[in-house]
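Trainee: One structure, pasted below without further comment.
The values are calculated or read from the model by the stated rules, or taken from the named source; none is laboratory data. Since we're looking at a predicted model, the values are computed, not measured. Heads up, the Cβs are rebuilt from the backbone with ideal geometry, glycines too, and the neighbour counts pull from every protein chain shown. The area values use the complete protein model at the heavy-atom level, side chains included, leaving out ligands, DNA and RNA. Shrake-Rupley method; radii C 1.70, N 1.55, O 1.52, S 1.80 Å.
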Amino acid sequence: MKLWFTLCIIGVVVVVVSAASATAGKEQPNVIFILVDDLGWNDVSWHNPDVISPNLHSLLDKGIDLDQYYVQPICTPTRSALMTGFYPYKYGRQLNVISPRKPTGLSLNYTLLPEAFREFGYSTHIVGKWHLGFCDWEYTPTRRGFDTFYGLYLGAQTHFSHTRSDGYDFVDQEETAFEANGTYSTFLISERTQRIIRESKSSEKPFFIYTAFQAIHDPCEVPENYIDKYPTTMSEERRCLLAMVTALDEAVGEIVYTLKAENLYDNTIIVFSSDNGGSMENVEGNLPLRGHKTTLWEGGTRVPGFIHSPLLGDTPRVHNGLFHITDWYNTLLEAARVPGQKARNSGMFENDGFSQWMALKEGVSSPRTSFVYSMAMNHGRRLFAALRRGDFKYITGIDDTITYETGPWLFNLSVDPNETTNLADEYPDIAESMRLELEGHKKDLVPRDIPATDKAGDPENRGGVWGPGWCEAK
Ligand SMILES: *[C@@H]1O[C@H](CO)[C@@H](O)[C@H](O)[C@H]1NC(C)=O
Ligand SMILES: *[C@@H]1O[C@H](CO)[C@@H](O)[C@H](O)[C@H]1NC(C)=O
Ligand SMILES: *[C@@H]1O[C@H](CO)[C@@H](O)[C@H](O)[C@H]1NC(C)=O
Ligand SMILES: *[C@@H]1O[C@H](CO)[C@@H](O)[C@H](O)[C@H]1NC(C)=O
């Protein structure tokens, strides 16, 4: 009798708990974050009619265009900011990628975005490029909050043979995925994203999928039929690059098709973002913005970005307020949590980001009025940095890839988005107050973490593949 009674109590408790989490799971929106590699301002059809990207364009046409959307000038820093919600200069990840044999990774003392999603009851997946370190297993995606990982540890691989330098790099969970050899990365990434969507049907949990395409990073490789869509009057390089955009566009279209086919579209948020501006070789890719990837000019940092979801009313709209890559952390978690659900360990709102969820949902103005583009001390011990405050941008340091000028420059971006007219002499007070503000931020500046190359990381030590197990995470 006593045992029976106890069992009943347990039974009731179990039923109540699982009913509560089922409701929570159903209410919460799914999130797909699409990150594209090296896609410039001028590489999308809504900024340049020569580009063929109808699927993305139609998402934008029913979504919210983030017109003042800023990322970091290069890959690893942007991914770090997205995953942590913190400026990368605070933990040494500014302005450099993690090169293949460098024994380091994204600092372990941050609760990454997927870990926070997990706390809110989500299943979490990364499909595509990681590039935040892998020398120790502790740095790898499945140890940092992702339930599943399908993709590459590094960057700049070949797109069919998945090779970087002398090593193969394509992974399924924690094993090398040799079966990916020969298939185009954009297709692999789209297909796995769709598989996760289909399989989520049998799960109680909402999903967070971080779909980080390898395209359109060099080497330029794409199935021939996409190149044929562009006129031969274009340069060969530009045709190839835009063909990669079109293949990617189709891949995104298929993901959206699958969401609809599985009846999940209505409760899903889709974010689209580039990780930095077009590369130096892709000069046309950022026009009319100045500069390119690796620079703090607008062409390196202001990129195409939008959010699309039937959950967002009154679309299409343009969000004119400032939106920074660190803002996604709080924004998406606010969208994801059930009202009242506590962020125990997520770090939510204790980082450099602003939640823009109300701004996106209700159309109120952006809570952000300024941001630091990036900050580093370069070899001459000169501060290389830029700051945004309202309309004004202050930039200082050496533009070592274009003009070898050192600045400082001051621009009123509301009238001069192309950064053509330096106002530093005209408004010395504004320039000085922004310089001082940057000086103030220097207290948080941690030197760039670029350890010496370690041969222990050579693929020849592990059968010709890139993989973990040759350093000690810090
Ligand atoms: C995390 O560790 C890095 C060093 O890897 C340090 O620079 C940073 O200040 C730490 N951040 C926090 C929030 O503790
Ligand atoms: C990938 O396939 C090509 C062509 O079949 C082959 O030459 C190459 O060795 C394969 N790579 C790996 C890592 O198996
Ligand atoms: C920026 O440059 C483009 C291309 O040269 C030009 O069409 C546009 O008017 C410029 N914008 C401003 C505000 O000067
Ligand atoms: C930037 O320039 C515009 C047009 O001249 C002006 O209206 C605006 O006030 C300027 N911004 C600031 C902060 O002075």
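Trainee: Report yes if T233 is more than 21 Å from the chain's Cα centre (by Cα) and within 17 Å of K129 (Cα to Cα), otherwise no.
Mentor: The answer is no for T233.
Trainee: Quick one: is Y184 open to solvent by less than 10 Å² (accessible area, probe 1.4 Å) and closer than 26 Å to L241 by Cα?
Mentor: yes
Trainee: Criterion first (within 24 Å of L39 (Cβ to Cβ) and part of a helix (DSSP H, G or I)) does I189 satisfy it?
Mentor: Considered against the rule, which asks whether it is within 24 Å of L39 (Cβ to Cβ) and part of a helix (DSSP H, G or I), I189 comes out as yes.
Trainee: Only one of these conditions is not met by D147: (1) in contact with a His (Cβ under 9 Å, 6 or more places away or on another chain); (2) within 26 Å of M377 (Cα to Cα). Which number is it?
Mentor: Among (1) in contact with a His (Cβ under 9 Å, 6 or more places away or on another chain); (2) within 26 Å of M377 (Cα to Cα), D147 violates only (2).
Trainee: How many of the residues in region 164-175 are at pLDDT 95 or above and open to solvent by 50 Å² or more (accessible area, probe 1.4 Å)?
Mentor: Of the residues in region 164-175, 4 are at pLDDT 95 or above and open to solvent by 50 Å² or more (accessible area, probe 1.4 Å).
Trainee: Please verify whether V222 is surrounded by 22 or more Cβ atoms within 10 Å (Cβ to Cβ) and in contact with a Cys (Cβ under 8 Å, 6 or more places away or on another chain), treating the condition exactly as stated.
Mentor: Here the answer is yes, as V222 does meet what is asked.
Trainee: Then there is this: Given the residues E437, E472, which is the only one that is open to solvent by 30 Å² or more (accessible area, probe 1.4 Å) and within 16 Å of ligand 4 (Cβ to nearest atom)?
Mentor: E437
Conditions (1) modelled with pLDDT under 95; (2) within 30 Å of S203 (Cβ to Cβ); (3) acidic (D, E), marked per residue:
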| residue | (1), (2), (3) |
| --- | --- |
| S235 | no, no, no |
| L242 | no, no, no |
| V245 | no, no, no |
| V256 | no, yes, no |
| L287 | no, no, no |
| E298 | no, no, yes |
| V318 | no, no, no |
| L322 | no, no, no |
| P339 | yes, yes, no |
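Trainee: Take region 440-461 and flag every residue that is open to solvent by 60 Å² or more (accessible area, probe 1.4 Å) and of a type in the set (D, E, K, R).
Mentor: Passing the criteria: K442, K443, R448, K455, E460.
Trainee: If only one of G145, G133, G151, G121 is buried (at least 23 other Cβ atoms within 10 Å of the Cβ), of a type outside the set (V, I, T) and under 30 Å from Y265 (Cβ atoms), which one is it?
Mentor: Residue meeting the stated conditions: G151.
Trainee: Go through (1) out of contact with any helix residue (DSSP H, G or I) (no Cβ under 7 Å at 6 or more places or on another chain); (2) modelled with pLDDT of 95 or more for T211 and report which single condition fails.
Mentor: Just one mismatch for T211, condition (1).
Trainee: Name the single residue, out of those in region 45-57 being assigned to a loop (DSSP other than H, G, I, E, B) and out of contact with any His (no Cβ under 8 Å at 6 or more places or on another chain), that is nearest to F213 (Cα to Cα).
Mentor: Across region 45-57, the extreme among qualifying residues is S53.
Trainee: Only one of these conditions is not met by T421: (1) touching an Asp or Glu at 6+ places or on another chain (Cβ under 6 Å); (2) polar (S, T, N, Q); (3) open to solvent by 20 Å² or more (accessible area, probe 1.4 Å). Which number is it?
Mentor: For T421, the failing item is (1).
Trainee: In the set T406, T331, T421, which member is at pLDDT below 85 and over 16 Å from E439 (Cα atoms)?
Mentor: Being at pLDDT below 85 and over 16 Å from E439 (Cα atoms) holds for just one of T406, T331, T421, which is T406.
Trainee: Answer yes or no: is there a residue in region 158-169 that is assigned to a loop (DSSP other than H, G, I, E, B), in contact with a Gly (Cβ under 7 Å, 6 or more places away or on another chain), within 30 Å of E119 (Cβ to Cβ) and more than 16 Å from ligand 4 (Cβ to nearest atom).
Mentor: No: zero hits.
Trainee: Restricting attention to region 272-310, and to residues there that are crowded, with 24+ Cβ neighbours inside 10 Å and β-branched (V, I, T), which single residue is nearest to ligand 2 (Cβ to nearest atom)?
Mentor: The selected residue is V303.
Trainee: In the list L39, L60, L66, which residue meets the criterion of being touching a strand residue (DSSP E or B) at 6+ places or on another chain (Cβ under 8 Å), surrounded by 17 or more Cβ atoms within 10 Å (Cβ to Cβ), at pLDDT 95 or above and part of a helix (DSSP H, G or I)?
Mentor: Going through L39, L60, L66 in turn, just one is touching a strand residue (DSSP E or B) at 6+ places or on another chain (Cβ under 8 Å), surrounded by 17 or more Cβ atoms within 10 Å (Cβ to Cβ), at pLDDT 95 or above and part of a helix (DSSP H, G or I): L60.
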